[in-house]
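The values are calculated or read from the model by the stated rules, or taken from the named source; none is laboratory data. Predicted model, so just to flag it, every value in this text is computed and none were measured. All Cβ positions, glycine included, derive from the backbone under ideal geometry; neighbour counts span all protein chains shown. To get the accessible areas, we keep the full protein, side chains included, count just its heavy atoms, and leave off ligands, DNA and RNA. Shrake-Rupley method; radii C 1.70, N 1.55, O 1.52, S 1.80 Å.
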Amino acid sequence: MILVTGGRGFIGAHTVRALLDLGERCVLGQRAAGPPPALVRDREVRDGRAVVERMDCTDLDSVLAVGRRHRVTGIVHLAAAGMGASAPLDELSANTAGLFTVLRAAREWGVGRVVVASTIGVYAGVADPALREDAPLPVASPHPIPAGKKIAEVVADVAASSGLDVVAARIGAIWGPLGRPSSPFFAAPRLVHAAARHAAADGGASASPASPARAGEAQATGEGGVPGEAAPSYAGDVIDMCYARDCGRALALLQTTATLRHRTYNVGGGRAVANQEVAAAIGRAVPGAAPVLRPGRSPGVPAIDACLDISRLREDTGYAPEYDLDRAVADYVGWLRAGNPR
């Protein structure tokens, strides 16, 4: 079975879904007890193909206990302390301790491969529009998340040098079903949620968070780009966006592909997507709901339209994104209108 730490979380749930679709069986390791994510089918739970196990990655005994109940053959390590839930040093300490625990368990179990989550944020300060895995990275980091992921990559590299098959996945901006309605890093999730509320106000099916009253609140607060918005969206702001279903499949392929030639892989869409493109796709998916964006770019953003080079991932695993922007927006809106709050 493949252990996916954080398997009930956003990216974890999509990774589990992709692994199940590839015929794998999964253990969803999660610190908090709870049901499987909505992407896992009841039949898969009944058949034992998807099993939720409570575990704390900072507690070695807790993790090793999972290995006594299941034969773990691979690990995708996605669990992390909640962003901003604790002081930065405490967060770094917990995440680093969790990684050491998972790597120790992997060595004891003799797993085939460990895929460790990193982030596009490690490239901050790299002055190149094509972000390649072999680019030298600055030591300094502008945020605790890339700082922690740089630590994780160093640790993973040492583990790989000592005999474990460890791969770091530098993950871009991920959006889609089960994700946060709003991200501090890019506008797409919030813009799509606003469009889904617009559709609900026009008579579409929705859950209570997407009610006509909530749509009115969005207009009053300026959500989606109209005056009064707390965090305005600029038409020219760009980011490498990867739809969650594609991200899960990429991570599943990194776990299951028999031979990988590298220790680090970018996981993203492979191109820089501008907010104005997102707005146009929203307008096509939900007529009349295209958000109004501020012209130009946010003050102080880099002039380089950087994106992840996914050549390694494509060449070694056969990965290619299945969701272009129009398909992704339509899928996400449909998911939200079906009654899913996230």
Roughly how many Å² of Tyr265 are accessible to a 1.4 Å probe, to the nearest 10?
-> 0
Considering the chain, what Rg and Dmax in Å follow from its alpha-carbon atoms?
-> 20.0, 59
Direction-averaged shadow area of the convex hull around the Cα atoms of the range 1-50, nm²?
-> 3.0
Note down the net charge around Cys247, summing +1 for each Lys or Arg and -1 for each Asp or Glu among other residues with Cβ under 12 Å from its Cβ.
-> +1
Descending accessible area (1.4 Å probe), largest on the left, turns Cys242, Cys307 into Cys307, Cys242
Which whole DSSP H helices in the chain pass both tests: a Cα extent of 30 Å or more along the axis and a mean Kyte-Doolittle value no lower than 0.0?
-> 88-109
If you build a Gaussian network model of the chain, linking Cα atoms that sit under 10 Å apart, which residue out of Val238, Val158, Val51 swings the most?
-> Val158
State the percentage of accessible surface on the range 1-136 attributable to carbon and sulfur atoms; use a 1.4 Å probe and exclude ligands, DNA and RNA.
-> 50
Semi-axes in Å, largest first, for the range 116-194 (Cα gyration tensor, √(5λ)) are 27, 16, 11
Hey, if you drop one equal point scatterer on each alpha-carbon of the range 27-128 and run the Debye formula without solvent, what base-10 log of I(q)/I(0) do you get at q = 0.16, 0.21, 0.23, 0.24 Å⁻¹?
-> -0.80, -1.18, -1.31, -1.36
Extension gain Arg132-Ser162, at 0.36 nm per residue separation less the Cα-Cα distance, in nm?
-> 8.3 nm
Would you mind telling me the share, in percent, of accessible area of the range 276-342 contributed by carbon and sulfur at probe 1.4 angstrom?
-> 52
Compare Ser233, Ser162, Ser182 by solvent-accessible area with a 1.4 Å probe and give them largest first, with all protein chains kept in place.
-> Ser162, Ser182, Ser233
Quickly estimate the mean residue ellipticity at 222 nm for the chain, helices only: each DSSP H run with n ≥ 4 gives -39500 (n - 2.57), and the total goes over all residues, rounded to 500.
-> -12500 deg cm²/dmol
Would you mind counting up the charge near Arg31? Only other residues with Cβ under 12 Å from its Cβ, with Lys and Arg at +1 and Asp and Glu at -1.
-> -1
What is the Cα centroid distance between the range 91-154 and the range 35-81, reported in whole angstrom?
-> 22
Using a Gaussian network model of the chain with C-alpha springs under 10 Å, which one of Gly300, Gly148, Gly23 is most mobile by mean-square fluctuation?
-> Gly300
Additional length obtainable on full extension of the chain from Ala32 to Arg342, 0.36 nm per residue less Cα span | 109.7 nm
Work from the charge dipole of the chain (Cβ charges, +1 for Lys and Arg, -1 for Asp and Glu, about the Cα centre) and give the residue of Asn275, Gly74, Val192 farthest towards its positive end.
-> Gly74
Sequence order, the range 118-133: Karplus ³J(HN,Hα) from phi using 6.51 cos²θ - 1.76 cosθ + 1.60, θ = phi - 60°, Hz rounded, Gly and Pro as x, gives 10, 8, 4, x, 5, 7, 3, x, 7, 9, 8, x, 9, 8, 9, 4
Starting from the amide H of Thr119, placed 1.01 Å from N in the peptide plane, find each other amide H under 5 Å away whose residue is 5 or more places distant or on another chain.
-> Ile171
Could you state the accessible area per residue of the chain in Å², with a 1.4 Å probe and every protein chain left in place?
-> 44
Using a 10 angstrom cutoff on alpha carbons, build the Gaussian network for the chain and name the most mobile of Ala38, Ala258, Ala94.
-> Ala258
Considering only protein heavy atoms, what is the solvent-accessible area of Glu322 at a probe of 1.4 Å, reported in Å² to the nearest 10?
-> 100
